Structures are given as C-alpha cells and as structure tokens.
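Here's the structure, in structure tokens; my notes come after.
The values are calculated or read from the model by the stated rules, or taken from the named source; none is laboratory data. All values derive from a computational prediction rather than experimental measurement. No Cβ is skipped: glycine too gets one built from the backbone with ideal geometry, and neighbour counts run over all protein chains shown. Side chains are part of the model used for accessible areas, which takes the heavy atoms of the whole protein and leaves out ligands, DNA and RNA. Shrake-Rupley method; radii C 1.70, N 1.55, O 1.52, S 1.80 Å.
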Amino acid sequence: MDSMKEPDLNLLSSSEFSPEKYVRDLSQHCVGGPELRRLRKKIQSLSEETNSTLKKNVYQNYMQFIDSAKEISHLESEMYQLSHLLSEQKSLLTALCSTSILGDDLLLIRRSEDKGDEEKKQEEINREKFASILEKVEGCKELLQVPDRTYLYEGPLIELDPVEHNTLKNIQAYLFSDGLMIATRSSGGVMKYVFEVMYELGSLAVVNVKDVGNVKHAFKLLIFPDTRVFKCSSGAVKKEWLDKFDQAKKAKMTHDQQRRESASEKSPSRSASIDSPSLNPFEEVEEDTEVNHPEWFLEAPEELDVCVAQRHFEDALSLLQRALEYTAHVQQDHVIVEVQRKVEQRHNHLTEVLMKELEVRPDKSLQGGLGASRRAVRLLIKLDQSNQACDLFLKLCTRMLRIQYKRVKREGSTSMYVKHLSSVIFTNICHMTEEFLRNFPDSPSCCSAYIVWVSTQLSQFTSQFVKQVFHPQNSVSTLTECVYIVRWQCQRLCNYGVDLCYQVDGVLRSPIIKALKETKEKTVESIRSKGAEDVWIPTNLKSKNALFKFLQEYVEMGLNLDSLITGDVWLQLTSNNLSFTKMFINLFNDCMKLKTREILYAIDDTLYAVLDAQIRHHELTLRDEKEPEQRKFVTRNAEFLLTAVLGLCQKEYNEAVGFPCETLNRIQMEYSALLNGISPTSRYTRTKYLDYL
C-alpha cells in the first residue's frame, strides 16, 4: 500500500496538506469498507497521540514559564534594590546640601507632617470606598477587612468567551493593592452586585488583546488553569486598566521586598558595642515581636500551584496539611493570615481540579474504568469532600452502565437476550459495588446514597425488562425462565449486603399476575376446544421402544404409568389426557418458579381453573355415556388425574410452599364421586378465591 493510503504525522502535519485532496485520493485507492475503517482507526490513534503530546508540552512549558517568572522576579527585585540605593544616595546628597550650619530641621519636620497628613487622607478615602463597596456588593464583607489593603480602581466590564468571543455577562471589577475582585449583577434583592471571586494579584497575568473584528478594547486575565477575557467600553478605559494593573503589581512587589528586607534586619544583635554613639546601654531595647516564619511556609502557595500544574496531587495535599498544621501551632499575625488566605484559595482550586477528574463529559474517555477514578476519590475524601466525591463517582458509574447497556444487541431468543443483558448489568453493578466499598469504607451517608443509586438503576432495568418480556407472544415458560434469571442475578448483590430482591418482586408482581390470568383464559379455552373433539379410546404407541421412551419421559416428570399398560403397546389413557398431563405439569413447575407470597393466590387460582376445566370434561362425558365399558374407561382417566397428577402436584406444592394447596384439595373433594364412576349431581359452589395469607 502506498504512502497515500498509510497516514503518518509528517503527512498530516505538512503545510501543503489538503484534506479534500487526501480524502479524494484515499477513496480512489482503498477497496471496500474494512480498509477505510482501518485507516480511520489509524488516524484516530495519531490524533490521540498528538493530543497527549500537546498536553505534556503544555505542562512542561508551564513549568518553564514558572521558573522564568521566578528568575525575572529575582532580577527585578535586584534592580529595585539598586534603584533604591541610588535614590537614597541622591536624597542624602540633597540633604547635605540643604543642611543649615545651625542645624535647622524645620524643613524636615514640615515634610514629615505633610507626609502624615497625606497618609491620613488616603486612609479616609479607602474607608469611604470600602463602605461604598460593602453597600453595593453582597458577600464581600470579609474580603474587605484584610489589613493594609487599599483601593486602586473599579469599573464595569463585559466578559467574553475566550474561544468564540461571544458576550457572556456584565461584571463589576474592583482592583485593590493585593488582588482583583469580580462581582456580577444581582438578579434580585437589595444589593446591586453579588461577589463572584477574588483573584490574588500575584497569581494572575494581564495580557493585552489586539483589536480584531468585533473584539475591541479587550484584555485577558491568565489564572491557571483558566483564561478570562474582558471588554472595556473604550480604548482609554482599557489603557487605564492596564496601567493600574502594572502599578499595582509593581507596588506589591516593592512591598513584599521591603517586608523581606525588614524581617532579615530586625533580628537584634547581641554584639553591639556599648561605646557606639548611636546606642545607649542604659536605654531599654524594644523587643521585636515579629516571628520569622520558615521559607517553605511563605512559598507554600507558589509550590501548590506548581504541584497542581504537574498533577502531583499527593504532594499538593501533603503540603496543604503541613501548612495547616503549622498555622494551628503558631501565633497569628498578618503574615499567617495572608498565607492562610492564599492556601485556602489553593485548597479550593485543588478540589475543583480533582472534581473535574471525576466529571462526566461527552468527550471524556472511560477506557481506564472505575480504577482510574480511585486517585481522585481518595484525595477528595482526604480533603473532606466525601459527599461530592460520592456524587461524582455515582454519576460516573451511571455513564459506564449506560454504555454497557447500549452494547448489548437484541439477538436470538428472548431468554438468551435477557440472560446476556442481566449478566452485563448485574456484573457491572457488582464490580461498582466492590469499587465503592473500597473507596468509601466508613461513610454511612455515602452508603445510603449508593443504595438509592442501585435501587434507581434496578428500577430502570426492570421497567425495560417488563416492556421487552411481558407481551402475549411469549409463553409462560419463557416468562418464567426470564424472571428466574433476573432473580438469580439480583441474588448476587446480597453477597455485598445489598438485598433488593423485594424490589424486583414488587415490580414484577402485576405483570406476572396479568400473564397468569391470560394463560389461564387461553388454556381453559384450549381445553374446551380439545374436549369437543376428544375420542375416548386408549393410546397406541406403535412399538415397545416408543412405549419405553414415553414411559421414561413421564417417570422424569414424577409419574409412573406401568399400571395403565395393556397388551404390548396400549396405554389406558386418552391422548388428550396425556397431552394435558404434560402441559399441566409444566405449568405447575413454572408457577412454582414464579411463586412469591404476594402472587400465590393468583397461582392457586390458575391451577384450579385449568384442572377444573379438564375434569369437568370427564364429568360431562360420564353423565352422557351409557355403555358400561366406556364409563369404566372414562372413570379410569378421571382417577388418573385426581390421584396421580393431583397427588404429585400437591406433594411438590407442599415442599415448595410449606403447606398444602387448598384449591387442589377442593377439586379432589368436588369430584370425589367420579372415582366411583358416579357423575356428581351437585358440587360445591365455586367461590372466588381470596388471598388467605
């Protein structure tokens, strides 16, 4: 096969590749559907390989981006230190030039007073802005109570879809010295806006978006792993937003650098000289109450971002737990509060990522099965998200069960289809039960949710089962076999402590009773039709070999016919009675397989009606017959039904149910006169059989 027909990455990724030309040439060279399907599978495998390669490159480039950002941050801090030193030297030289010989410090005093007045004015503006925001935005009270947070800028924005660039919603954005708060319009209530999210300033990147087509005056916010696009009302507003973001980032970086420098310089030196003119040995030195926190704790938020990006979820969880243990055993200060807030954001983000791992999506592959979900479920449980993990796990089970259900094709007989379908459904539910018990060993609420889920799936299966099995075309034997298969499969769940057999019996009760009623009516009508054509003569089995096989068949049913043999091949029973006996024994066995306490009355009524119709035929014949020999023959056939057949059924009924059948006893009493060759002139009036249980 030439290269045109055998796809590879070089061919499909070349700049000169034309899909139309490739498909046209492919259809000319390929012969038949199998080759096209093989090539389609090959292209799909190449697509999956390309997707996995792209994902790996994304994670790898993201790590390089983080490393580069850290290096740039260090370089920027060093440049700031150099600029700070130069500024200090410049101010020192200026101060020396303006210093009076007499030591007049009036100018410095005035400057410090002006600076203090400016700080008070800025604090007053912040308080007013915060009060205004609290009146407009619902749910942001705690976020605005962070110390050292200052208001910078605000304004309305329109959020666009990152891919399609369609308008999603109108928002109100607030920029602070340490983060960006986004609020959406309220649909009702007193507040005008509702708090949506607060992004830390250090965790987001602002990217300008060029004006292309309908997308104008827009910029992007990159917050791993999401991207959000916002549109401004004009180019001037967009420029103002970008400038404010740049100023806020620089100010935050400067503040963080100064805080680190002051933390390193504030440790008191015990080796200070007493002769130093700047220190008085008799003055009390103020103790520095600020605690130097370990470096791993201060860098925990960034390390959590790296772990999540690399999908090292276990490392992220252990770092989260370590940070929480540290904050629980140290004194609270502004550094602890700030890191706690960042760690809490990473905690929520890790939870969202793990939930997406279990999320059911149309494009998600389920090749790994439930085993692939163990990791996410286990980590969500450790994050105290057991209920959410259970809910997502059950949705995943539902999706997999539906896929397995659709794969079962309706082929062959009804019983074979039901056997295959029930085996697939209950086997998968058993495997899911094992997986559930492994993931949620000690969770009563999750166990309750799982029982409800199994009950729901079982209800859906039984409703489909009733529609496909219980219709007039299927015989009672077929129905019995299908019901027996489903009950046996449902018994498998009892091994895991899930007993829902009562639910299956409850759903099947009405269809079974209806089927028994229809069977009773059809069988009684058939008995009457055959009775009108009955010829009262013994049965001739032609040969001894045929007679032996015939007797052996009835022995397997539990009946011995040796006493009824006359001559070599004659049997003192009519062919009508022999066929009825086989039919009635099979019907009795099917009823015993279907039996439950709730439908036992319907079974008794069916057996009574069928047997009564056949013996009634004997009674009417005996009443009209005058010949002694013929009356004796009819009596012998009736005796066979009332003693041998009825006795066998009564014995097996007692063994299966635990007590004798009253309706069969009633038949024996009603027709006891037939055993003496007498046609009863009156019988017990038949009353409607009620449930006696």
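Inspection of the range 404-415 identifies no residue that is in a helix (DSSP H, G or I), at pLDDT 90 or above and closer than 24 Å to D505 by Cα.
Going residue by residue through the range 370-391, is there one that turns out to be part of a helix (DSSP H, G or I), within 25 Å of Q491 (Cα to Cα) and either at pLDDT 85 or above or in contact with a Leu (Cβ under 6 Å, 6 or more places away or on another chain) (or both)? So far as the range 370-391 goes, yes, one or more of its residues are part of a helix (DSSP H, G or I), within 25 Å of Q491 (Cα to Cα) and either at pLDDT 85 or above or in contact with a Leu (Cβ under 6 Å, 6 or more places away or on another chain) (or both).
Within the range 460-478, one or more residues are without any contact (Cβ under 8 Å) to a residue 60 or more places away in the chain, open to solvent by 40 Å² or more (accessible area, probe 1.4 Å) and within 19 Å of the chain's Cα centre (by Cα).
Give the residue that is surrounded by the fewest Cβ atoms within 10 Å (Cβ to Cβ), with candidates limited to residues of the range 46-65 that are of a type in the set (A, V, I, L, M) and in contact (Cβ under 8 Å) with a residue 12 or more places away in the chain.
Looking only at the range 46-65, we keep the residues that are of a type in the set (A, V, I, L, M), and these are 46, 54, 58, 63.
Okay, now just the ones that are also in contact (Cβ under 8 Å) with a residue 12 or more places away in the chain, so 46, 63.
On the way: L46: 16, M63: 13.
Here the answer is M63.
Let's see how each residue does on (1) at positive phi; (2) surrounded by fewer than 18 Cβ atoms within 10 Å (Cβ to Cβ); (3) free of Cβ contacts under 8 Å to residues at least 12 places away in the same chain; (4) touching a helix residue (DSSP H, G or I) at 6+ places or on another chain (Cβ under 8 Å):
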position: D562; (1), (2), (3), (4): no, yes, yes, yes
position: L571; (1), (2), (3), (4): no, no, no, yes
position: A609; (1), (2), (3), (4): no, no, no, yes
position: K632; (1), (2), (3), (4): no, yes, no, no
position: N637; (1), (2), (3), (4): no, no, no, yes
position: C649; (1), (2), (3), (4): no, no, no, yes
position: N654; (1), (2), (3), (4): no, yes, yes, no
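Taking residues in the range 538-556 that are part of a strand (DSSP E or B), and partners anywhere that are of a type in the set (V, I, T), the pairs with Cβ atoms closer than 8 Å and at least 6 places apart or on different chains are T539/T574; N540/V569.
Looking only at residues in the range 662-692 that are of a type outside the set (A, V, I, L, M), modelled with pLDDT of 70 or more and out of contact with any Asp or Glu (no Cβ under 6 Å at 6 or more places or on another chain), the one that is nearest to S563 (Cα to Cα) is N676.
On the stretch given as the range 479-494, residues that are farther than 11 Å from K593 by Cα and either without any contact (Cβ under 8 Å) to a residue 24 or more places away in the chain or not in a helix (DSSP H, G or I) (or both) total 3.
Summed over the range 520-541, residues that are surrounded by 15 or more Cβ atoms within 10 Å (Cβ to Cβ) and among the β-branched types (V, I, T) total 4.
Let me confirm something: among D211, D226, which residue is under 31 Å from the mean Cα position of the chain (by Cα) and at negative phi? Talk me through it step by step, then tell me what you get.
On the way: D211 fails: under 31 Å from the mean Cα position of the chain (by Cα).
From the options D211, D226, the qualifying one is D226.
Restricted to the range 167-179, and to residues there that are under 13 Å from G155 (Cα atoms) and either within 34 Å of the chain's Cα centre (by Cα) or modelled with pLDDT under 85 (or both), the residue that is least open to solvent (accessible area, probe 1.4 Å) is I171.
How many of the residues in the range 379-418 are among the aromatic types (F, W, Y) and surrounded by fewer than 18 Cβ atoms within 10 Å (Cβ to Cβ)? Spell out how you get there, then give the answer.
The initial filter retains those residues of the range 379-418 that are among the aromatic types (F, W, Y), namely 393, 405, 417.
Checking the rest, the ones that are also surrounded by fewer than 18 Cβ atoms within 10 Å (Cβ to Cβ) come to 405, 417.
Going through the range 379-418 one residue at a time, the tally reaches 2.
Being over 30 Å from E435 (Cα atoms), at pLDDT below 75 and open to solvent by 70 Å² or more (accessible area, probe 1.4 Å) narrows it down to one residue among E295, E284, E325; which is it? Even if it seems obvious, please write down each step before you answer.
On the way: E295 fails: at pLDDT below 75; E325 fails: at pLDDT below 75.
The match here is E284.
Are any of the residues in the range 147-156 basic (K, R), open to solvent by less than 20 Å² (accessible area, probe 1.4 Å) and in contact (Cβ under 8 Å) with a residue 12 or more places away in the chain? Spell out the reasoning first.
Narrowing the range 147-156 to residues basic (K, R): 149.
Checking which are open to solvent by less than 20 Å² (accessible area, probe 1.4 Å) leaves us with 149.
Of the ones still in play, those that are also in contact (Cβ under 8 Å) with a residue 12 or more places away in the chain are 149.
The answer is yes; a qualifying residue exists.
Residues of the range 206-218 that are part of a strand (DSSP E or B) and either open to solvent by 30 Å² or more (accessible area, probe 1.4 Å) or touching a Gly at 6+ places or on another chain (Cβ under 7 Å) (or both): V206, V207, N208, V212.
Looking at S423, is it touching a residue at least 40 places away in the same chain (Cβ under 8 Å), of a type in the set (G, A, S) and more than 30 Å from E302 (Cβ to Cβ)?
On the way: touching a residue at least 40 places away in the same chain (Cβ under 8 Å): yes; of a type in the set (G, A, S): yes; more than 30 Å from E302 (Cβ to Cβ): yes.
Criteria met by S423.
At pLDDT 75 or above and part of a helix (DSSP H, G or I): which single residue out of L152, L93, L157, L107 fits that description?
On the way: L152 fails: part of a helix (DSSP H, G or I); L157 fails: part of a helix (DSSP H, G or I); L107 fails: at pLDDT 75 or above.
One residue alone meets the criteria, L93.
For the condition modelled with pLDDT under 80, among the hydroxyl-bearing types (S, T, Y) and in contact with a Phe, Trp or Tyr (Cβ under 9 Å, 6 or more places away or on another chain), Y80 does not qualify.
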